[in-house]
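What follows is calculated from the coordinates using simple rules that are stated; it is not laboratory data. Computed from a predicted model, the values in this text were never measured in an experiment. Heads up, the Cβs are rebuilt from the backbone with ideal geometry, glycines too, and the neighbour counts pull from every protein chain shown.
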Amino acid sequence: MSAQAKLQLAIATPSDREIVMTRVVRAPRALVFDAFTKPEMIKRWLLGPDGWSMPVCDVDLRAGGTFHYVWHNDSDGTEFGLHGTYREVTPHERIVHAENFDQSWYPCDVVVTTAFAERDGSTTVTMAQLFDSREGRDAAMESGMEKGVAASFDRLEDILA
């Protein structure tokens, strides 16, 4: 958004096993939900820092369905993947899924609850990650993932503007 400042990603650790990330996106909830669930949209924004692409984005959006993403660093060829299973899908309101990286970056399983709440044409996205250990949560926090998440949200805001 050239005329408006980027909104900030808020990160909290309400317990020794949780990370909660919250960001307001200046777009209606239905559109933001689509951006989180439709492969053609996911591949445009969920990329982290500049220089990454997503050659694999498979989504079977239903309880019991699976997803698989693979990111590719366009400068050095590094790749990493993430896969998971949807536990709950309530259109435009909430998604609950379990996820694991294809490589064992974090030493545990993670359950992510993503909620979408609209107010005055903007959508608050809250992603609550519950790790099965403190060590897993700490490894995620130390990975620098917040920079990639913040960059992705900035890109999402630009795409939806």
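Listed values, structure above:
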{"read-out": "Lys/Arg +1, Asp/Glu -1 at C-beta; the stretch 10-160 dipole; positive extreme among PHE131, LEU82, HIS97", "value": "HIS97"}
{"read-out": "FRET efficiency, 1/(1 + (r/R0)^6) with R0 35 Å, evaluated for GLU79 and ASP120 via beta carbons", "value": "0.30"}
{"read-out": "Among SER143, SER75, SER53, residue whose mean-square fluctuation peaks in a GNM of the chain (springs only between Cα atoms under 10 Å)", "value": "SER75"}
{"read-out": "Net charge of Cβ neighbours under 13 Å - reference ASP120; Lys, Arg +1; Asp, Glu -1", "value": "+2"}
{"read-out": "Loop-located GluC sites (Glu not before Pro) in the stretch 3-94, at most 14 other Cβ atoms within 10 Å (DSSP)", "value": "GLU93"}
{"read-out": "Net charge of Cβ neighbours under 14 Å - reference GLY51; Lys, Arg +1; Asp, Glu -1", "value": "-2"}
{"read-out": "Local electrostatic count at GLY65 - Lys and Arg +1, Asp and Glu -1, tallied over other residues with Cβ under 12 Å", "value": "-1"}
{"read-out": "Sparse-neighbour loop sites [chymotrypsin sites (Phe, Trp or Tyr not before Pro); the stretch 56-161; at most 16 other C-beta within 10 Å; DSSP]", "value": "TRP105"}
{"read-out": "Prolate/oblate/rounded call for the chain, Cα gyration tensor, a/c under 1.5 rounded", "value": "rounded"}
